[in-house]
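The values are calculated or read from the model by the stated rules, or taken from the named source; none is laboratory data. On a predicted model such as this, the values are computed, not experimentally measured, just so you know. Here the Cβ is made from the backbone with ideal geometry for all residues, glycine too, and neighbour counts use every protein chain on show. Just so you know, the surface numbers come from the protein's heavy atoms only, side chains and all, with ligands and any DNA or RNA stripped out. Shrake-Rupley method; radii C 1.70, N 1.55, O 1.52, S 1.80 Å.
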Amino acid sequence: MKIKDISVGSRKREIGDVSALAESIDALGLLNPVTVVIQQEHDGRDIIYPKPVLVAGARRLEACKQLGWTEIDTTVVELYDIDLQLAEIDENLIREPLTALQRAEQLAQRKGIFEMKGGNKIPTSSSGEQSTGFAKDASDKVGLTKRAINRDIAMAEGIPEKLRDELRGTESEDSLEDLKALAKEKDNPAAQKKAVKAVKSGEAKNLRAALKAEPKPPTKTATNMAMEELAECLREHPDQDELRACLAFFKKSSPWIGKVLRKLAK
């Protein structure tokens, strides 16, 4: 197929340097053809024509362009539009060199498409229990363990897209420990933002160090929450009988607060 006829479309992941791949193809030939699907396009005059759209092999296609090739061996497949994305993601996860962040993003995107196709739940037993089927499906397709898949998705979902973009090109982009630490702070976006800024400016060696240096916001303990609930109870129940019932409930449900209540009673 003529290279100029193949539509690559928009890709979120950069192709990167393909010089080494180009040298290999020049020496050994294209061992694995690129994959395209034929879509029907309009030329603006209501004339429909077939248009080959790349499904997998963007780096191979770019390498062949650099070599000056005008034609390339191509495998044509028939896929629905939504399956095109799945095929390309699986190709990336299997064949392309990805950073830890890129792999996490690809898996999160794959999960979204998988669930869009209605494959988020599968029956697992005669009792009717349900479990998420994505991790097993992805594991079977791309060869990663289910534990690694779930870990990577948690990283992608725990880090805002803007911060992920800022991390590209840094050492932290390919550090599982850094990315896991940053994702754990998903409920503290201010700390995440400061940590990324510190890494990019050189103030911190890595994200873990930046997060460790960041003071943690105070968290409510069980005691704090129980006392707040008790105070609310005291405010809402001025009537003596209702107040006694309220205090009795707290004494029974939280024995450790009994000492505090006795002091209040005195």
>> Counting pairwise Cα distances across region 155-211, what percent come out greater than 13 angstrom?
In response: 50 percent
> How would PHE114, PHE134 line up by accessible area, probe 1.4 Å, largest first?
Replying inline: PHE114, PHE134
> With respect to the cross-link table entries LYS111/LYS193; LYS2/LYS136; LYS111/LYS184, which display a Cα-Cα separation exceeding 29 Å?
Replying inline: LYS2/LYS136
> If packing is taken as the mean number of other Cβ atoms within 10 Å per residue, what is the order of 24-37, 56-69, 152-165, highest first?
Replying inline: 56-69, 152-165, 24-37
> Which whole-number value in Å² is the accessible area per residue of region 155-209, probe 1.4 Å?
Replying inline: 59 Å²
>> So, taking all protein chains as they sit and a 1.4 Å probe, how much accessible area belongs to ASP17, in Å² rounded to tens?
In response: 120 Å²
